[in-house]
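Data first, discussion second: the structure below is written as C-alpha cells.
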C-alpha cells in the first residue's frame, strides 16, 4: 500500500508572492482525503508538487507506491489526443517508454525492412510485453466497455475531443481505479459527471483499497467519501493547511469552533499585553522618583520584550467574502414558453412554461439535451425578437430544433457556459475586459471595476489574463459579467462545477435575492435542493416534471 507525506511545503509564485507556507499533512495507507480551499488557494499547484512536476521552494514530499494522476483539464480535452494516447498517459513510466519505442520501431518498419530494423522491432515488441503493454490493453478493453460501451480496438484511435466531458472523466477514472498504482491524485474528479456517475464514483472510491487525495467542491461527494479534510487556508504571508480529522459532516462546526478558539486566545493575549504595557508605564513613572523601583522597571521591560517577541497566537485565517449582487428586473408573466419543442436527435416534443421569478433546475443524464436546451434559450429561442438578444458577448452556436421556444416580454437572457469557452477573452486581463465592455455591456471605470472584482474575490487577479485563471475564478468572473450586463433570465450550465464551497454558497444566496427567472442545468445535488421546480430530461428522450430533485427518469412524473 502507498501513502503521501507532505512536509512543510513552501512555494513562491514567479511574481514573488508566497502561495504556500509550511503546508503539511499525511495521507495514510488506504485513506480517502479531501483537499479543499478557495479557488486560487493553490490546490492544483500543491498536487503538481506532490507529483514532482513542480519543485517546492522549501519542504519535501515523501511518497510510497505507484502514482496515478487525474489532471484538472480532463473533461475539456479539445486537441487531437486519441483514446489510446490518453490511456497510455495514465500508465506507469516504463510502459509509456516501451510504447513510444514500439511506435517508433513500427514507423521504421514501414520505411525499411532490413535486418537491423526487424531486430529493433522484435526487441520493441519484447520490451512492450515485459512492461505489461498487452496486459494493459486487455485492461483498457474493460475500461472502454465500462466508460464508452465499446471495446478498446474500436475506441483506440477515436479523438478524445469527440467524447463528452462526462465520458472523458469516466474513462480516466475507470483506468485509474482499475490500474496498478497504489496512490491516486484526483483533481476535480466529479466535474462533468451526471448524478448516477457521481454515485458510481463515490461507491468505487469507498470500496477501493487505494490511497486517494482528491480535490472537490461537491458537497455530497465530500460528505460521503472523505475520511479527513485538508483545507488550504488563506493567509497574508502564504496559505497554510488545517487538517480536520473527521469527515465533512461535522467539518463546518469544527471549523467554527476552531476559529472561536483562535479569537479567544487572541483576546487573552491582547489583555495580557495591555496589562504588561500598563505595568511598564507605572514602574517607569515610579522609577523617576524612587531608585528602588529601577530593578523592577527593567525586569518588566524584559518581560514585555520577550512577550512581544514570542508574538500573538495564530490569527484566524482570512475567510473569503464573495458578494454576488445579481439584480435582474421585471419581465412579462411568462418568461419561457415551449410548444412542441424537439431538439433534433435528442428529445421528443414537449411543452413547458416557465413563469417570472421561478427557479427551475434542469436535471438528467449526460447527453440528454439539457445544455442544448439552455443554449437555444440563450440565443433568444426560435426566431428571437431584438429585445431577446443575449447579454453575453460570446457567439452562441445554433441549435437544430423543431417546434417553438419563445422568450417572454422584456426578457434578456444571460448564459453561463459550462466549459468557460470565451475566445474573445483570451489574452485580455480582467480589468481590460471590464473596462472596454462589449455590445451588450458598457465599459466600467477602473475604480468601479476594481471594487466589483473585490466583491468576487478577484482583486488579486485583476491584472491577470482570463485564460490564466483557475476554473473557479473563471466561473466567478462569468457570473460577475452577468451581474453587470443586467440579465433577467439566468441560464446557468453547471455553474457550481468549479466554484469553491464559499463561492457556491454565495451563488445560492445571490440567486435567492435575484429579481428574475433562473434555469440551471446541474448535477450538484446540494445546489439542486435550493430550486422550486424540476425538469427531468430522460435518456429515452422524454421531458418530465418532478416534485423534487430526482435523478432517475422513472421516478419523475408528467
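Please treat every number below as a calculation from the coordinates, not as lab data. As the structure is a computational prediction, the values presented were derived from the model and not from experiment. All Cβ positions, glycine included, derive from the backbone under ideal geometry; neighbour counts span all protein chains shown.
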Let me check I have the definition right: for the chain, take the eigenvalues of the Cα gyration tensor, multiply each by 5, take square roots. What are those semi-axes in whole Å, largest first? 46, 37, 22
Considering only segment 334-555, what is the antiparallel percent among its DSSP beta bridges, to the nearest 5? 50 percent
Can you give the translational diffusion coefficient of segment 440-482 in µm²/s, computed by Stokes-Einstein from the Kirkwood radius over Cα pairs at 20 °C and 1.002 mPa s? 200 µm²/s
Can you give me the three principal axis dimensions of segment 1-79 from its C-alpha atoms, in Å, biggest first? 39, 36, 21
For a quick protection proxy, order the peptides 25-37, 286-298 by their average other-Cβ count within 10 Å, most packed first. 25-37, 286-298
Over the chain, the sum of -39500 (n - 2.57) across DSSP H runs of at least four, divided by residue number and rounded to 500 deg cm²/dmol, gives at 222 nm -12500 deg cm²/dmol
Where does segment 261-310 land on Rg/Rh, using Cα atoms and the Kirkwood Rh? 1.11
What nm distance separates the two modelled labels at residue 62 and residue 13, each placed 7 Å from Cα along Cα→Cβ? 3.2 nm
With each pseudo-label sitting 7 Å past Cα toward Cβ, what's the residue 257-residue 281 distance in nm, one decimal? 3.9 nm
Inter-probe distance in nm under a simple model that places probes 7 Å from Cα toward Cβ, at residue 304 and residue 82: 7.7 nm
In Å, descending, principal axis extents of the Cα set of segment 334-555: 50, 37, 29
When you count, for each residue, the other Cβ atoms within 10 Å and take the mean per peptide, how do 427-434, 225-232 rank with the highest first? 225-232, 427-434
Relative contact order (percent) for segment 451-558, with alpha-carbon contacts under 8 angstrom and 6 or more residues of separation? 18 percent
Computed over segment 261-310, the relative contact order (Cα-Cα under 8 Å, seq sep at least six) in percent reads 37 percent
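Given the Cα-Cα distance of residue 204 and residue 120 and 0.36 nm per residue of separation, how much length would full extension add, in nm? Intermediate values should be presented prior to the final figure.
Working: separation 84, 0.36 × 84 = 30.24 nm, distance 4.15 nm.
The residue 204-residue 120 span can extend by a further 26.1 nm.
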Out of all DSSP beta bridges with both ends in the chain, state the antiparallel percent to the nearest 5. 50 percent
Could you rank the peptides 60-70, 405-415 by their average count of other C-beta atoms within 10 Å per residue, with the highest value first? 405-415, 60-70
Where only C-alpha atoms are counted, convex hull volume of segment 124-250 per residue in Å³: 159 Å³
Please tell me the relative contact order of the chain in percent, rounded to the nearest whole number, where contacts are Cα pairs under 8 Å and at least six residues apart. 15 percent
